[in-house]
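Single-structure report; data block below.
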2 protein chains.
Amino acid sequence: MSQQLLIDNIQRYVQLDPNEQELLLSYFKPKKIKKKHFLFQEGEVHKNGCFVLSGCLRCYSIDKNGFEHVLQFGPAGWWVGDMHSALNGTPGILNADAIYDSEMLIIARADQEKVYNELPKVERYFRIISERSLAAFQQRMIGNLSNTALERYDSFCALYPSLIEILPQKQIASYIGVTPEFLSKMLSSPRPK
Amino acid sequence: MSQQLLIDNIQRYVQLDPNEQELLLSYFKPKKIKKKHFLFQEGEVHKNGCFVLSGCLRCYSIDKNGFEHVLQFGPAGWWVGDMHSALNGTPGILNADAIYDSEMLIIARADQEKVYNELPKVERYFRIISERSLAAFQQRMIGNLSNTALERYDSFCALYPSLIEILPQKQIASYIGVTPEFLSKMLSSPRPK
DNA sequence: CGTCTATTTGAATGTACTCAAAAGCGGTGG
DNA sequence: CCACCGCTTTTGAGTACATTCAAATAGACG
């Protein structure tokens, strides 16, 4: 039960003394889900924050033709949630399930707000990771607008080398926005230039 | 000189008394730029935050073939910046210029950090708008992965009706990720059902 | 009014998708 | 321990959405 991973993650940006750490952790509930089981599904109002301790989650939407599109992966040390649903209190369009058996820490949105008041440093932490996540999505958006499928694949490999080794190719295809068939063809054909 | 727009924007999320408002505003410098002039350019380290008071900015990247890709528009009431450059202190890949003559308020990143300590409520405001901006980019990403060009255009119209009326079609094409020629053809051909 | 930029239109092309089927791989149970 | 089942990956042929390049037209602005 390595809650320490969460504390370490937070302390990359703000320092918490032992009492503060304990208070913070008191708001989180551990949770385990097995491979292929859901953390949340579309149609639900999902207001919890989820910090992944082990395993790997996958957050994705399903389009009107039934195709899945991966918004983000959640390996250990990452946050996963449905920000749009949480902020607006409306049913979400995202699903999150486990690619491998996974452990996580869950905090209710309401408790998160409480923590902000009790430990302003934690609000700072969330401000910072929101900004970083925003910057990352902006970079990804630019990549999607600018690059070919092969370039997007290479960017993904460069950015998340550890994920390449553990993820089914199909999931990477879904993340970079191509069909699994096409990614397979891209990788097997000789590289131009 | 309607600094009030900034105050109103902040007060949608946190309340500031007159002294706090004054202190906050003291960190901002007004700036005006004329149509087609730059707020910042790729290659620069750009750490300023920029709140648009009037006019409209455009934040975009230029790919290796010389094509522009719009990351976001900045009409009155919006923030514009290069988050990735600001966070990492590295030269950015984004350009920002004015689509129309524009007025804005500028705050240096260092001053922003100071404000966070002096007025924690303002840090909360930035935490909230970062989250909302993140949620918006996530929705846009899903849309880009899931939808056809025509559907992306319709989503844009639904989400930013006021921008449709003032933006050149070419810029909207660049935002939704198609060539201006193709957008023109899409709009002139009869809609499939 | 003239120039510059944006938009439209057309024909040829290309990147990525669809559908189908075969081959590979991993887990599970008998 | 092996056989089977389900899921992923591969391969192929035909197709579609969107691009490229080119040229004509329309609009905006000084």
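Quick notes
- Check on B:Ser174, within 16 Å of DNA strand C (Cβ to nearest atom) and more than 30 Å from A:Tyr125 (Cβ to Cβ): yes
- Exactly one residue among A:Ile142, A:Ile164, A:Ile99, A:Ile128 is out of contact with any strand residue (DSSP E or B) (no Cβ under 8 Å at 6 or more places or on another chain), of a type in the set (A, V, I, L, M) and within 16 Å of DNA strand D (Cβ to nearest atom), and that residue is A:Ile164.
- Any chance A:Leu183 is within 13 Å of DNA strand D (Cβ to nearest atom) and touching a helix residue (DSSP H, G or I) at 6+ places or on another chain (Cβ under 6 Å): yes
- Residue that is within 16 Å of DNA strand C (Cβ to nearest atom), closer than 28 Å to A:Leu163 by Cα and within 14 Å of chain B (Cβ to nearest Cβ), where the choices are A:Tyr60, A:Tyr125: A:Tyr60
- Being of a type in the set (S, T, N, Q), closer than 23 Å to A:Thr148 by Cβ and crowded, with 16+ Cβ neighbours inside 10 Å is a description that applies to B:Ser174.
- The range B:102-136, residues that are among the charged types (D, E, K, R), touching a Ser or Thr at 6+ places or on another chain (Cβ under 8 Å) and more than 26 Å from A:Gly81 (Cβ to Cβ): B:Glu103
- Looking only at residues of the range A:74-98 that are assigned to a helix (DSSP H, G or I) and within 17 Å of the chain's Cα centre (by Cα), we find that the one that is surrounded by the most Cβ atoms within 10 Å (Cβ to Cβ) is A:Met83.
- Residue that is nearest to A:Asn65 (Cα to Cα), among those in the range B:128-150 that are facing chain A (nearest Cβ under 7 Å) and hydroxyl-bearing (Ser, Thr, Tyr): B:Ser146
- Segments classed as helices (runs of 4 or more DSSP H), wholly inside the range A:99-193, with at least 3 members that are at pLDDT 95 or above and more than 20 Å from the chain's Cα centre (by Cα): A:109-118, A:120-146, A:149-159, A:180-188
- Residue among B:Glu151, B:Glu118, B:Glu123 that alone is free of Cβ contacts under 8 Å to residues at least 12 places away in the same chain, in contact with a helix residue (DSSP H, G or I) (Cβ under 9 Å, 6 or more places away or on another chain) and over 15 Å from B:Gly49 (Cβ atoms): B:Glu151
- Boolean, A:Ile128 is surrounded by fewer than 17 Cβ atoms within 10 Å (Cβ to Cβ) and more than 25 Å from B:Thr179 (Cα to Cα): no
- Of the residues in the range A:22-41, not one is within 14 Å of chain B (Cβ to nearest Cβ) and closer than 26 Å to A:Met141 by Cα.
- Some residue of the range B:63-86 being free of Cβ contacts under 8 Å to residues at least 12 places away in the same chain and more than 10 Å from chain A (Cβ to nearest Cβ): yes
The values are calculated or read from the model by the stated rules, or taken from the named source; none is laboratory data. Predicted model, so just to flag it, every value in this text is computed and none were measured. Here Cβ is always computed from backbone atoms with ideal geometry, including for glycine, and neighbour counts include all displayed protein chains.
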